[in-house]
Amino acid sequence: MWRKRLAEAETWLVRGVILGGESAPLRSAPADRARVDVRWAVLMGMRHPAAVDWTDPVRGAAEPTPPSTALAHAEAAYRAALRAAAELAVHGTAADLLAASPHGPGNGYAPCAATAIPRLRDELATLELALEESEHEEAVRRRWAATRGGG
């Protein structure tokens, strides 16, 4: 799900940059940041992350809004992608904790662990790589925008 959301966000970002210029995303980004809180639960004596509580950033009244609807869609799509990434991370961590618990693989949970845990670990690794690439791309965009805007 997060891959789909990320691809959608990147498509909207490209459209927004074409319409508003390279610096448009930086000029219209809210100063506030999103907040992610992880709720924990206990199942069969094992404490594990259970869910993600997400709070969207709030744009101040004096802050500029995105100059195009494409950037507004990109902003919403990136928020959805980050929510999906956070949920995947929670589930990946829960799977790791299950695998390491005394109630994990080899103690009656092997069928679930044999299929779900490796798949979740692979998805988590892919997610971490995609987030790393996205952060790198954003840093490059910011540097490029800063040199274009200051030149």
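The values are calculated or read from the model by the stated rules, or taken from the named source; none is laboratory data. Computed from a predicted structure; not experimentally measured. Counting neighbours? That spans all protein chains shown, and the Cβs are built from the backbone with ideal geometry, glycine included. Calculation scope for accessible area: heavy atoms of the full protein, side chains included, ligands and nucleic acids excluded. Shrake-Rupley method; radii C 1.70, N 1.55, O 1.52, S 1.80 Å.
In Å and on Cα atoms, what radius of gyration and Dmax does the chain show?
For the chain, the Cα-based Rg and Dmax read 19.3, 65 Å.
Test of understanding: what is the full-extension gain from residue 23 to residue 38, defined as 0.36 nm times their sequence separation minus their Cα-Cα distance? Mind dumping the intermediate values first?
Numbers: separation 15, 0.36 × 15 = 5.40 nm, distance 3.31 nm.
Gain on stretching residue 23 to residue 38: 2.1 nm.
Based on the Cβ-Cβ distance of residue 129 and residue 61, what FRET efficiency does E = 1/(1 + (r/R0)^6) give at R0 = 25 Å, to the nearest 0.05? Mind showing how you got there, number by number?
Details: r = 38 Å, r/R0 = 1.53.
Efficiency computed from Cβ-Cβ geometry: 0.05.
Could you work out which residue, out of 75, 137, 123, moves most in a Gaussian network model of the chain, that is, has the largest mean-square fluctuation with Cα springs under 10 Å?
Ranking 75, 137, 123 by mean-square fluctuation puts 137 first.
Mind checking the per residue accessible area of the chain for me, 1.4 Å probe, whole number of Å²?
On the way: 9400 Å² over 151 residues.
Result: 62 Å² per residue.
List the chymotrypsin sites (Phe, Trp or Tyr not before Pro) within the range 1-75 that fall in a DSSP loop (any state other than H, G, I, E or B) and whose Cβ has at most 11 other Cβ atoms within 10 Å. Spell out each step's value before the answer.
Numbers: sites: 2, 12, 40, 54; in loops: none.
For chymotrypsin sites (Phe, Trp or Tyr not before Pro) across the range 1-75 that sit outside H, G, I, E and B with at most 11 neighbouring Cβ atoms in 10 Å, the list is empty.
Using +1 on the beta carbon of Lys and Arg, -1 on that of Asp and Glu, and nothing else charged, what's the dipole of the range 1-107 about the Cα centre, debye to 20? Walk me through the numbers before you get to the answer.
On the way: 12 positive and 11 negative charges, 20 e Å.
The calculation lands at about 100 debye.
Name the helices (complete DSSP H segments) of the chain with a Cα length along the long axis of 27 Å or more and a Kyte-Doolittle mean of at least -0.5, or state none.
Qualifying helices: 69-100, 110-150.
Calculate the FRET efficiency for residue 53 and residue 147 from the Cβ-Cβ distance with a Förster distance of 30 Å, rounded to the nearest 0.05.
E between residue 53 and residue 147, to the nearest 0.05, is 0.20.
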